[in-house]
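Nothing in this text is a laboratory measurement; each read-out follows from the coordinates by a stated rule. Source: prediction; values computed, not measured. Positions of Cβ are backbone-derived with ideal geometry, glycine not excepted, and every protein chain shown enters the neighbour counts.
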């Protein structure tokens, strides 16, 4: 015959069961078919890419996004980068290739640069190329969107030939800053060759609803930047990017929408810089991982 349990044991057992049920329900809510895979962007390490690779791997993320700061060491040695990432069990999810400029004088140079970067990504075992744009210091006209769309489409065609898809990263202070501007840029591109890198914090800061954006661009999202932002009162900028769960982006609702549209693919956590200088980039990455775990994800 089983011994009766006391009140303290009953409370502990009930709490444990409730916590377990909440965790299971979270996974039911957010675990999209095929599972979302999580990576982390090296931008937080401000060019210390070897340290970023080591820390991102140690925290438990499975992928990484690198920038052009990696090129001085690895630009002519992509095999060495591939080996280093394999040793740390990381996928090179994306490479930030830089700007596409609409001024005709830069067209040939930009084309050559992005194709070179695409070959680097391919040879390093990577997946995607990220493109942003450079907003001119004058009012935009309809021809600007058309030209940007044409240029990105041509880049996307050429990189597709070597197996590297292109994603457009809408961004604050770019031609695609506000939602209606993002629409105009994408309407000017060929969706076969230019996909979307949906950055949920940039989209919100630009005046949009990232949850609606998930649904709107569901068929074009190549990968995501999972990011958080908060308003600040300072002369240099009215906002700053912060660790996940510490800003005002409804990240939980974003993941619910991703589940709704059955998104399968990579989500890169991005933080431009550590907001609290007492923390390290690795500590910020741990905050992100912990936050994702509260939503039921396993990084």
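Remarks
- Antiparallel %, DSSP beta bridges [both residues in the chain], to 5: 10 percent
- Overall Cα dimensions of region 39-154 - principal axes, largest extent first, Å: 47, 24, 21
- Considered as an equivalent ellipsoid built on the Cα gyration tensor, region 145-299 has semi-axes of 27, 19, 15 Å, the largest given first.
- Max mean-square fluctuation residue, GNM over the chain, Cα-Cα springs under 10 Å, options 120, 74, 255: 74
- On Cα atoms only, tilt of 107-123 relative to the major axis of the chain in degrees: 40 degrees
- Those residues of region 187-209 whose amide nitrogen sits under 20 Å from the label point placed on residue 62, 7 Å along Cα→Cβ: 198
- FRET efficiency estimate (nearest 0.05) - Cβ-Cβ, residue 50 to residue 218, R0 35 angstrom: 0.45
- For a modelled paramagnetic label at residue 143, 7 Å from Cα along Cα-to-Cβ, the residues of region 93-123 in reach, with backbone nitrogen under 19 Å, are 101-108.
- Gained length - residue 69 relative to residue 183, 0.36 nm times residue gap less alpha-carbon distance: 38.0 nm
- For region 216-293, a Kirkwood hydrodynamic radius built from all Cα pairs, placed in the Stokes-Einstein relation at 20 °C and 1.002 mPa s, yields a translational diffusion coefficient of 155 µm²/s.
- Stretch gain in nm, segment residue 157-residue 79, where the contour uses 0.36 nm per residue and the Cα spacing is subtracted: 25.6 nm
- Per-q log10 I(q)/I(0), region 94-154, q = 0.16 Å⁻¹ (Debye; single scatterer per alpha-carbon; no solvent): -0.53
- Every Cα-Cα pair in the chain was counted, and those over 34 Å apart are 23% of them.
- GNM flexibility winner over the chain from 184, 87, 119 (Cα, springs under 10 Å): 87
- Computed from Cα atoms, the angle from the helix 7-30 axis to the main principal axis of the chain rounds to 20 degrees.
- With the gyration tensor restricted to C-alpha atoms of region 57-106, the semi-axes of the equivalent ellipsoid amount to 27, 14, 7 Å, longest first.
- Ellipsoid semi-axes in whole angstrom, largest first, where each is sqrt(5λ) of the Cα gyration tensor of region 174-237: 23, 13, 10
- Angle of helix 78-87 to the longest C-alpha principal axis of the chain, folded into 0 to 90 degrees and rounded to 10: 0°.
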